[in-house]
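Here is the structure we will look at.
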Amino acid sequence: MNIISKSANVASAFDLYKLVQSPERKKLTDVKGQTIELDKWVLYTEPDKDGKEMYLLALTSVDGDAYCTNSATFCRSFESAVATFGQFGEEFHKIKVTTGTSKSGRDYIDCVVVG
């Protein structure tokens, strides 16, 4: 596993375990249309079963739920928001899991920062 970036409050092995290894993690596609109040998050890469690097985002909510996604669109939007807020020394705390359909007809999820 290669950590690309993480929230400032990921401070222990237990935090990292819950984010990247816990079998209790849910798919972000399971909460389409919902808003999540963030607790912790980590963007990372990890090899898949064929050895190809997968780009992943794992997060926990303030309710204690853990989620993970390999959606390239969602990860790009999240990482872009982290960079934008980081320019002002800020972090965001709520995101909405939105959906869309690509030109080729495939459904996808995306990340929108909400106030």
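The values are calculated or read from the model by the stated rules, or taken from the named source; none is laboratory data. Everything numeric in this text was worked out from a predicted model, so none of it was measured. Please note: Cβ atoms are built from the backbone with ideal geometry, for glycine as well, and neighbour counts cover all protein chains shown. For accessibility, only protein heavy atoms count, side chains too; no ligands or nucleic acids. Shrake-Rupley method; radii C 1.70, N 1.55, O 1.52, S 1.80 Å.
Worth pointing out:
- The residues of segment 94-111 that are open to solvent by 60 Å² or more (accessible area, probe 1.4 Å) and either in contact with a Phe, Trp or Tyr (Cβ under 9 Å, 6 or more places away or on another chain) or at pLDDT 95 or above (or both), listed by number, are LYS94, LYS96, THR99, THR101, TYR108.
- Inter-residue pairs, beta-carbon under 6 Å, first among the hydroxyl-bearing types (Ser, Thr, Tyr) and in segment 35-64, second open to solvent by 60 Å² or more (accessible area, probe 1.4 Å) and assigned to a loop (DSSP other than H, G, I, E, B), 6+ apart: TYR44/MET1
- Of the residues making up segment 60-95, those that are within 15 Å of ILE109 (Cα to Cα) and aliphatic (A, V, I, L, M) are ALA72, ILE95.
- Note on segment 65-75: among residues that are hydrophobic (A, V, I, L, M, F, W, C) and in contact (Cβ under 8 Å) with a residue 40 or more places away in the chain, the one that is nearest to ILE95 (Cα to Cα) is PHE74.
- Qualifying residue in segment 96-107 (condition: of a type outside the set (D, E, K, R), under 20 Å from SER7 (Cβ atoms), in contact (Cβ under 8 Å) with a residue 60 or more places away in the chain and in a strand (DSSP E or B)): yes
- Residue that is farthest from the chain's Cα centre (by Cα) [pool: residues in segment 1-11 that are at pLDDT 90 or above and open to solvent by 50 Å² or more (accessible area, probe 1.4 Å)]: ALA11
- Answer residue from segment 22-33, given it is over 14 Å from the mean Cα position of the chain (by Cα) and either assigned to a strand (DSSP E or B) or surrounded by fewer than 13 Cβ atoms within 10 Å (Cβ to Cβ) (or both) and is modelled with the highest pLDDT among those: GLY33
- Qualifying residue in segment 77-87 (condition: part of a loop (DSSP other than H, G, I, E, B), of a type in the set (Ser, Thr, Tyr), touching an Asp or Glu at 6+ places or on another chain (Cβ under 9 Å) and surrounded by 13 or more Cβ atoms within 10 Å (Cβ to Cβ)): no
- If you go through segment 45-61 and keep only what is over 18 Å from GLU91 (Cα atoms) and either part of a strand (DSSP E or B) or among the polar types (S, T, N, Q) (or both), you end up with THR45, GLU46, PRO47, GLU53, MET54, TYR55, LEU56.
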